[in-house]
Every structure is written in C-alpha cells, then in structure tokens.
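Down below is the structure, laid out as structure tokens.
The values are calculated or read from the model by the stated rules, or taken from the named source; none is laboratory data. Everything quoted here is computed from the prediction, not taken from an experiment. Positions of Cβ are backbone-derived with ideal geometry, glycine not excepted, and every protein chain shown enters the neighbour counts.
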Amino acid sequence: MFAVITGATKGIGRALTRRFASEGFDLAVCARNKMELQQLKTDLEQHNPTIRVVYTATDMGNKNEVLAFAEMVNKECPAIDVLINNAGLFLTNPVLREPDGLLEQMMAINLYGPYHLTRALLPKMTGQKSGHIFNICSVASLIGFEDCVSYTASKHALYGFSKALRQEMKAFNIKVTSVLPGAVYTASWESSDVNSGRIMAPEDIADAVYGCYRLSERTVVEEIVLRPMLGDL
C-alpha cells in the first residue's frame, strides 16, 4: 500500500506520515527542505523496518516542481492507495496590510498545488478504480476569519475543488474527503502565546484521517470538521 503525502515534515503532515507508516504503508512524500525529508525517511524506516519511503524536495507553489514530484510518484508507486493534499501556507494580516502578492502565493500553494498534483496522479488512480483522496482544508473554508482574507479565500477554493472532485470520482470508485480542522498546534503557533493545551494536536487530525480511510468500501466520509474542545480561538 502506498500513501502520498505533501508537506510531510512538519505539523499535521508529519503526524500523518507517522500514522500511515505505523500501519505498514509505503510513503511518497514531499516538502521544501531536502535535509528534513532525508531525516524523516531515516526516522520512519528505522521505526518501521518493513516500509519504504521515497521523497522529492518540492515547493507546492511551483507547478514544475509539483509535476516533477508527481512524475516520481507515478514511477515509484505501483498503485496509489491514499493521496493527502496537506501542504499549505498560513499567514495573518489585516487585508490593507497584506503584502502585495500574498493572495497569489496563498492560491498557488493552497489550491493550485493540490489541483496540479491530483490531476497528474488521477490517471493511475482512475485506472486502478480505487483510492482515497484527502484534502486538508480548514474551518476557514466554511467561515471568514478576521485578518485572514487571503488564507480564507484560498481555503474556500480548496474546499470547492474537493467537493466537486468528490462528485466526479464516484464513477471511478475513488473516495474524496474534505478535512476541515480548526486550530492545530503546529509551527504556525509555536511563536505565539497561545496555550498548546487550548488547541488540537496534529496527531488527532492524523487519527481522524486514518479512521475515515479504514471504513468499508461502501462508505465514504465526505467531510469532517474538527475543532478544539472549547471552540475556535
């Protein structure tokens, strides 16, 4: 079994790689930093000696790099059982103080990257008539958040892509799940004064994703919303 995971070296992505590796999945992963990817590969293979990890350093905002990663995946993976579009960019600023080009950068990483990767891998997945695609969206896909205009717009767009993809993939027996987490304690929060106990752990998201994957072939979780116990910050 092969799982493809983007943004694999930090936060939710790292928790996802560990979760699927612990279940015996071979992994094809990407992130921007090659050294961190090599360290991830070493750690995963040491703790899970039966699995294989392949990777490519990839900027998900760069179409050519995304397609190069897809080419590697198609070459190395006999079948794609799971695709998790996890990599994303989160920055906050009032709309009038957003730097010029931030919206374009957010859209490139949070929407265009998942779109191009999914399209490049779908011929293999539709040919095998199986697989499960997870798109890591956000509660910001559902509502607007102050000081997050570009992020909210990009995550609304990813959610729309995911919902439409679900409809198209029914005919190919491919499941599509939109995952919409609230605040998760990742690198984005480490420099803040937020109590880590107030927000979710990345492992909770990974467990929820794997739980959705494990359902029978006749059932799909179309979307799942996860929030901290006390609600949004």
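With the checklist (1) buried (at least 20 other Cβ atoms within 10 Å of the Cβ); (2) more than 21 Å from L233 (Cβ to Cβ); (3) small (G, A, S) in hand, flag the one item A79 doesn't pass.
So A79 meets the others, but not (1).
The conditions are (1) without any contact (Cβ under 8 Å) to a residue 24 or more places away in the chain; (2) among the hydrophobic types (A, V, I, L, M, F, W, C); (3) in contact with a His (Cβ under 8 Å, 6 or more places away or on another chain), and A164 fails exactly one of them. Which is it?
(3)
Is it true that some residue in the range 74-86 is closer than 17 Å to T9 by Cα, of a type in the set (D, E, K, R) and part of a loop (DSSP other than H, G, I, E, B)?
Going through the range 74-86, the residues closer than 17 Å to T9 by Cα turn out to be 83-86.
If we keep only those that are of a type in the set (D, E, K, R) as well, we get none.
No, the range 74-86 has no match at all.
Among the residues of the range 33-49, how many are surrounded by fewer than 18 Cβ atoms within 10 Å (Cβ to Cβ) and outside any helix (DSSP H, G or I)?
Step one: list which residues in the range 33-49 are surrounded by fewer than 18 Cβ atoms within 10 Å (Cβ to Cβ), which gives 33-36, 38-39, 42-43, 45-47, 49.
Next, from what is left, pick out any that are outside any helix (DSSP H, G or I): 33, 49.
Going through the range 33-49 one residue at a time, the tally reaches 2.
Out of curiosity, is K41 at pLDDT 95 or above and over 24 Å from Y210 (Cα atoms)? Steps first, please.
On the way: at pLDDT 95 or above: yes; over 24 Å from Y210 (Cα atoms): no.
Judged against the criteria, K41 is not a match.
Looking at the range 6-25, I want the residues that are over 12 Å from I205 (Cα atoms) and have a partner that is assigned to a loop (DSSP other than H, G, I, E, B) and among the acidic types (D, E) with Cβ atoms under 9 Å, at least 6 apart or on another chain. Which pairs are those?
Partner pairs satisfying both residue conditions: F25/D81.
In the range 58-65, is there at least one residue being surrounded by 23 or more Cβ atoms within 10 Å (Cβ to Cβ) and outside any helix (DSSP H, G or I)? It would help to see each step written out before you state the result.
Residues of the range 58-65 that are surrounded by 23 or more Cβ atoms within 10 Å (Cβ to Cβ), as a first pass: 58, 60.
Add one more test, that the residue is outside any helix (DSSP H, G or I), and what stays is 58, 60.
Scanning the range 58-65, I find at least one residue that is surrounded by 23 or more Cβ atoms within 10 Å (Cβ to Cβ) and outside any helix (DSSP H, G or I), so the answer is yes.
From R227, R214, which residue is closer than 20 Å to I143 by Cα and of a type in the set (K, R)?
Details: R214 fails: closer than 20 Å to I143 by Cα.
Matching residue, one of R227, R214: R227.
Among (1) more than 26 Å from A3 (Cβ to Cβ); (2) modelled with pLDDT under 95, there is one condition A183 misses while meeting the rest; what is its number?
So the condition that A183 fails would be (1).
Hey, could you check the range 112-148 for residues that are out of contact with any strand residue (DSSP E or B) (no Cβ under 8 Å at 6 or more places or on another chain) and closer than 27 Å to G231 by Cβ and say which is surrounded by the most Cβ atoms within 10 Å (Cβ to Cβ)? If you could, list the steps in order and put the result at the bottom.
Our first condition is that a residue be out of contact with any strand residue (DSSP E or B) (no Cβ under 8 Å at 6 or more places or on another chain); within the range 112-148, this holds for 112, 115-116, 119-120, 122-124, 126-130, 143-146, 148.
From the residues that got through so far, the ones that are closer than 27 Å to G231 by Cβ too are 143-146, 148.
Working: I143: 10, G144: 10, F145: 15, E146: 9, C148: 21.
The residue in question is C148.
I need the full set of residues from the range 87-115 which are in contact (Cβ under 8 Å) with a residue 40 or more places away in the chain and either farther than 17 Å from G61 by Cα or not in a helix (DSSP H, G or I) (or both), in order please.
A87, G88, L89, F90, L91, T92, N93, P94, V95, E98
Please find, among E76, E168, E98, E146, the residue that is of a type in the set (D, E) and touching a helix residue (DSSP H, G or I) at 6+ places or on another chain (Cβ under 7 Å).
Working: E76 fails: touching a helix residue (DSSP H, G or I) at 6+ places or on another chain (Cβ under 7 Å); E168 fails: touching a helix residue (DSSP H, G or I) at 6+ places or on another chain (Cβ under 7 Å); E146 fails: touching a helix residue (DSSP H, G or I) at 6+ places or on another chain (Cβ under 7 Å).
From the options E76, E168, E98, E146, the qualifying one is E98.
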